Amino acid sequence: MPTDPDPEGFVAIEGVRYRYDAGGPAIVNGVDWTVPRGAIHCLLGRSGCGKTTLLKLAAGLLMPDEGRVRVAGAVLRGPAPRVGFVFQAPTLLEWLSALDNVLLPLSLKRRPGPADREAARDLLALVGLADHAGRHPAALSGGQQSRVAVARALIGGPDLLLLDEPFAALDALTREELQDDLLRLCALRGTAALFVTHDIAEAVYLGDRVAVMAAGRITHSGPVALPRPRPPGLRYEPAFAAACRALREAMDRGETVRERAA
Amino acid sequence: MSARLASGLLLLALLAAWETWCRAAAVPALILPPPSAVAATLWGEVASGRLWPHLAVTAAEMTLGLALGAAVGLGAGILLAESPALGRVLRPYILASQLVPKLALGPLLIIWFGFGLTPTVVVTALICFFPLMETTLTGLAEVDPARRELFRMLGASRLQTLLRLKLPAALPVILAGLRVAVVLALVGAVVGEFVAGRAGLGASIIAAQSVMDSSLIVALFVVITALGMVFYEAVRALERLALRRYRKG
């Protein structure tokens with residue numbers, strides 16, 4: 001690994017192309033993207049545009065047919081270490097308590113000690129579940145399960161979080177609470193994040209930068225010109241609405257480009 | 001509670017109807033003994049102590065056959081699920097082993113193992129093996145792909161994925177297979193004794209048949225049914241204990 005702390009971005013996706021079937025269409029079709037250390041980038045697009053596939057390529061769960069993905073300078077050859085992944089569904093293990101679910105990434109590597117348990121309890125407290133450590137997933141609400149999943153992704157102190165529409169199934173209020181929790185946790189630990197969503201407001205609220213994806217390509221990308229830290233009230237300000245409108249227009253333009261290409 | 005009461009009342013009504021019909025129509029006891037005669041025979045068997053050794057033999061055959069069949073079925077299910085290539089090679093043979101009528105194996109098993117406990121245990125195990133293998137195979141194959149991806153992401157080894165994800169996730173399905181197996185185990189033990197047993201409830205039925213003691217045969221049916229219910233409820237209790245964390249609350 002280079003000693004120079006990744007001048008080209010902490011996560012570097014370089015000319016990546018991927019297709020599920022050898023003769024089939026490219027699901028990810030030549031994407032270049034970099035995420036600096038500590039930044040939150042959002043990937044916005046409709047269902048089926050290839051954004052989840054791109055996220056799995058960034059995670060090392062899929063290997064690109066062309067191009068490469070580097071994390072902290074090292075080219076990925078398999079699932080990336082020191083990366084937390086939050087799936088669309090909470091994917092908790094229902095036979096384990098919330099605490100043991102959070103400890104799962106550590107317990108697969110070694111027997112968790114008292115310090116690990118303390119760290120897991122702290123994380124559960126940070127997502128507002130201090131009193132629920134002993135409960136099993138079936139006794140938790142959807143929002144609480146998502147919180148446990150976020151805590152689990154953060155347990156090893158990862159440098160990067162990859163999130164695949166983790167809050168899509170939650171009600172609007174719970175989703176906003178979890179967005180705030182995520183921003184707070186990432187800021188607290190300086191964790192970089194690549195957040196996949198189909199929700200424009202979510203992308204604007206969370207992202208330092210938003211990329212719009214359509215038909216396997218990034219059709220638009222730009223910084224979100226809103227201050228940090230972002231208070232919950234920001235969602236109702238004119239600047240926020242304007243940023244959302246601009247992204248919506250960019251998405252529509254991306255669609256037009258795609259239709260013309262097709 | 002009221003359902004149980006209704007259930008009990010229905011049993012009493014059926015027994016009363018049976019008794020009345022036997023008496024009114026003067027049905028010969030050889031054809032169909034009345035419940036009162038069956039109860040008297042059963043009590044005689046219990047009080048004299050003749051029943052207990054046979055009950056113990058059948059229960060032992062059931063337990064051993066179930067344990068052996070379940071262990072081999074679980075192992076085979078895991079092996080076939082983890083190695084699909086091996087599964088494709090072995091599947092026709094496993095299916096064939098299940099399609100051979102187990103009773104037809106009886107004479108061969110007697111030649112191999114002699115009369116007594118062993119051939120019956122083998123027949124019982126052969127019968128119990130299949131539901132466990134099938135449910136293990138299905139349960140392991142149906143583990144949520146997102147969770148498998150989670151384990152890949154966490155760098156889990158194949159053994160860790162099996163022990164910490166797939167088997168616990170498949171446990172409810174595997175235990176449902178065990179419930180089916182326990183019912184089949186009783187059939188296996190009793191029918192195995194018909195062919196190869198010297199003692200046990202099945203062997204006792206054959207003995208009762210040879211002296212045309214219909215009321216003893218029916219009394220043995222009652223004991224066999226009760227034994228099956230005890231085993232089934234024991235497996236249900238085990239299942240509830242193992243799955244208590246899977247449920248709400």
- Note on the structure: For chain B, averaging the sequence separation of alpha carbon pairs under 8 Å that lie six or more residues apart and dividing by its residue count, the contact order in percent is 27 percent
- Task: Could you tell me how many degrees, from 0 to 90 and to the nearest 10, lie between the Cα long axis of helix A:98-107 and the main elongation axis, the longest principal axis, of the Cα atoms of chain A?
- Result: 70 degrees
- Message: Suppose only helical runs count, i.e. DSSP H with n ≥ 4. What mean residue ellipticity at 222 nm does that imply for chain B under -39500 (n - 2.57) per run, divided by all residues and rounded to the nearest 500 deg cm²/dmol?
- Response: -28000 deg cm²/dmol
- Message: Against the empirical 2.2 N^0.38 Å scaling, what ratio does the C-alpha Rg of the protein assembly as shown come to?
- Response: 1.37
- Task: Could you tell me whether the stretch B:1-53 comes out rounded, prolate or oblate from its Cα gyration tensor? Rule is a ≥ b ≥ c as square roots of the eigenvalues, rounded for a/c under 1.5, then prolate if a/b exceeds b/c, otherwise oblate.
- Result: oblate
- Over what distance in Å are the Cα centres of the stretch B:52-72 and the stretch A:4-73 separated? 58 Å
- Task: For A:ARG135, list long-range residues whose amide hydrogen, built 1.01 Å from N in the peptide plane, is under 5 Å from its own amide hydrogen.
- Result: A:ALA98, A:LEU99
- Query: Which whole-angstrom value gives the distance between the alpha carbon centres of the stretch A:185-235 and the stretch A:137-172?
  - Reply: 17 Å
- Debye log10 I(q)/I(0) at q = 0.08, 0.09, 0.17 Å⁻¹ for chain B, Cα point scatterers: -0.44, -0.54, -1.23
- Net lengthening on full extension, B:GLU82/B:ARG198 (0.36 nm per residue, minus Cα-Cα): 37.6 nm
- Message: Using a 7 Å offset from Cα along Cα-Cβ at B:VAL100, what residues in the stretch B:155-192 end up with backbone N under 18 Å from the label point?
- Response: B:188-189, B:192
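Each value in this text was obtained by applying a stated rule to the coordinates, not by laboratory testing. For clarity, every value in this text was computed on a predicted model and none was experimentally measured. Cβ coordinates were reconstructed from backbone atoms using ideal geometry, including for glycine residues, and neighbour counts include every protein chain displayed.
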